[in-house]
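Asker: Let me give you the structure first, and then I'll get to my questions.
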Amino acid sequence: MRLDGSSDHPLTVEDERTPKLLLIDDSMDIHRLLKVRLKDERLELISCDNGAEGLEHARRHAPDLILLDLNMPGMDGFEVLQRLKSADDTVGIPVIVLSGSDEVNDKVRGLELGAVDYICKPFDVAELRARVRSAMRISHLMDLLARRAQIDGLTGLWNRQFFDERLAGELAASSRDGSSLSLVLCDLDHFKSLNDQFGHAAGDDVLQAFAKILQRNLRRSDFACRYGGEEFALILPGTDSRQAMGLLERIRDEINRHAWPRHPKRGITVSFGVCDRARDGGFDPVQWIETADSALYAAKHNGRDQIQLAGGAPRSASLPQAG
Ligand code: GH3
Ligand code: MG
Ligand code: MG
């Protein structure tokens, strides 16, 4: 998964895609050698013979690991490394330097520029393979750690920190390309009394069940986040408020129909506040959250168990609906 979480659902089982290895080296012998000797590894090998193309491939393919030759005509390996480590989209890719030089100064420079390892040519292929595996393992664990820091422990949804970063990113993208975007704040109704009556564990079950309902109903490109205690936030890229309202009706309906073994006679309802690009106008995350929060407040004020569009009329089972 990408570290920014932009494409993967937090609860998706670790993807089974083949890791990509980018080899940047001007020596065709090395390309031939690695192609043959790494063919049994679960790896997709991407090859190029110069630094400029290497940078382009790194950006385009987001490889899991780069093997980088130092001594190349044109842009040398040090410069490629420096550029990889100073760009946001490539800084996290681990790089192993391959070098004909075993000068201590070169090793130190390579490692200080951010390489994870340094291998001298000629190298033993078995050793190279072991180092590639080790670098991949470490980078995979770092991905998992980074991801775990963005996930809420109780529900498995994205957490508040992720939400804040993602909303700013999606607003920027929406402002750039003019695409639609909706933001939804959801708050469970009278949740405190549920805890008081049936205990905190029953409350936790409800939070988990609601998270599952959200996940079942959202697309892969959407983001469901636990915003705080019993409040959730949904970022819906490419979705206008009309589509968002349709989605929320399904979610509201599902939670209303859900059976609760711990409290069969006590149903659960949720209030929703929605705002979208058309209604908000600006691209300031704080303003978007305030707008959605005001809509949520109106939904609560009007009787809960309903969906309130910022600046629009509430929609609930108890109120007459158009059409
Ligand atoms: P309203 O309909 O106005 O939203 O009323 P409410 O009772 O839902 O709102 P209030 O903010 O008064 O109470 C929220 C409750 O949510 C209080 C708090 O104990 C509970 N809560 C917050 N986080 C958790 C959690 O992780 N687990 C459980 N079981 N309860 C939680
Ligand atoms: Mg609340
Ligand atoms: Mg509440």
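The values are calculated or read from the model by the stated rules, or taken from the named source; none is laboratory data. These numbers come from a predicted model, not from an experiment. Heads up, the Cβs are rebuilt from the backbone with ideal geometry, glycines too, and the neighbour counts pull from every protein chain shown.
Asker: List, please: which pairs have Cβ atoms under 6 Å, are six or more places apart or on different chains, and start with a residue in the stretch 195-215 that is of a type outside the set (A, V, I, L, M) and end with one that is away from ligand 2 (no atom under 16 Å from the Cβ)?
Answerer: Final answer for the pair search is Phe198/Arg262; Phe198/His263.
Asker: Taking the condition in contact with a His (Cβ under 9 Å, 6 or more places away or on another chain) and of a type in the set (Gly, Ala, Ser), does Ala202 pass?
Answerer: Yes, satisfied.
Asker: Which number in (1) within 15 Å of ligand 3 (Cβ to nearest atom); (2) in contact with a strand residue (DSSP E or B) (Cβ under 7 Å, 6 or more places away or on another chain) marks the one condition that Ser221 misses?
Answerer: Answer for Ser221: the failing condition is (1).
Asker: Quick one: which of Gly178, Gly199 is away from ligand 1 (no atom under 12 Å from the Cβ) and surrounded by fewer than 16 Cβ atoms within 10 Å (Cβ to Cβ)?
Answerer: Going through Gly178, Gly199 in turn, the sole match is Gly178.
Asker: Taking Asp253, is it of a type in the set (Asp, Glu), in a helix (DSSP H, G or I) and within 16 Å of ligand 1 (Cβ to nearest atom)?
Answerer: The answer is no for Asp253.
Asker: Need pairs with beta-carbon distance below 8 Å; first residue in contact (Cβ under 8 Å) with a residue 24 or more places away in the chain and more than 17 Å from Ile307 (Cβ to Cβ) and within the stretch 225-246, second part of a loop (DSSP other than H, G, I, E, B) and within 16 Å of ligand 1 (Cβ to nearest atom); sequence gap 6+ or separate chains.
Answerer: Cys225/Asp152; Cys225/Leu157; Cys225/Asn159; Arg226/Asp152; Arg226/Leu154; Arg226/Thr155; Arg226/Leu157; Arg226/Asn159
Asker: Right, another one. Looking only at residues in the stretch 213-249 that are charged (D, E, K, R) and surrounded by fewer than 16 Cβ atoms within 10 Å (Cβ to Cβ), which one is nearest to ligand 1 (Cβ to nearest atom)?
Answerer: The qualifying residue nearest to ligand 1 (Cβ to nearest atom) is Arg216.
Asker: Okay, moving on. Name the one entry in Met136, Met142 that is surrounded by 15 or more Cβ atoms within 10 Å (Cβ to Cβ), assigned by TED's automatic domain parsing to the domain that holds Glu44 and farther than 19 Å from Arg220 by Cα.
Answerer: Of the residues listed, the single one that is surrounded by 15 or more Cβ atoms within 10 Å (Cβ to Cβ), assigned by TED's automatic domain parsing to the domain that holds Glu44 and farther than 19 Å from Arg220 by Cα is Met136.
Asker: Could you check, for the stretch 116-133, whether at least one of its residues is of a type in the set (Gly, Ala, Ser), touching a strand residue (DSSP E or B) at 6+ places or on another chain (Cβ under 9 Å) and surrounded by fewer than 16 Cβ atoms within 10 Å (Cβ to Cβ)?
Answerer: Among the residues of the stretch 116-133, not one is of a type in the set (Gly, Ala, Ser), touching a strand residue (DSSP E or B) at 6+ places or on another chain (Cβ under 9 Å) and surrounded by fewer than 16 Cβ atoms within 10 Å (Cβ to Cβ), which makes the answer no.
Asker: Something else now. Could you pull out every one of the helices (runs of 4 or more DSSP H) wholly within the stretch 158-241 that has 3 or more residues that are closer than 27 Å to Val286 by Cβ, within 16 Å of ligand 2 (Cβ to nearest atom) and in the same structural domain as Tyr297 (by TED's automatic domain parsing)?
Answerer: Per the criteria, 200-217.
Residue by residue, here is whether (1) at pLDDT 75 or above; (2) out of contact with any Gly (no Cβ under 8 Å at 6 or more places or on another chain); (3) within 16 Å of ligand 1 (Cβ to nearest atom); (4) more than 25 Å from Gly238 (Cα to Cα) holds:
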{"residue": "Phe272", "(1), (2), (3), (4)": "yes, yes, yes, no"}
{"residue": "Asp280", "(1), (2), (3), (4)": "no, yes, no, no"}
{"residue": "Asp284", "(1), (2), (3), (4)": "yes, yes, no, no"}
{"residue": "Ala292", "(1), (2), (3), (4)": "yes, no, yes, no"}
{"residue": "Leu296", "(1), (2), (3), (4)": "yes, no, yes, no"}
{"residue": "Ala299", "(1), (2), (3), (4)": "yes, no, yes, no"}
{"residue": "Arg315", "(1), (2), (3), (4)": "no, yes, no, no"}
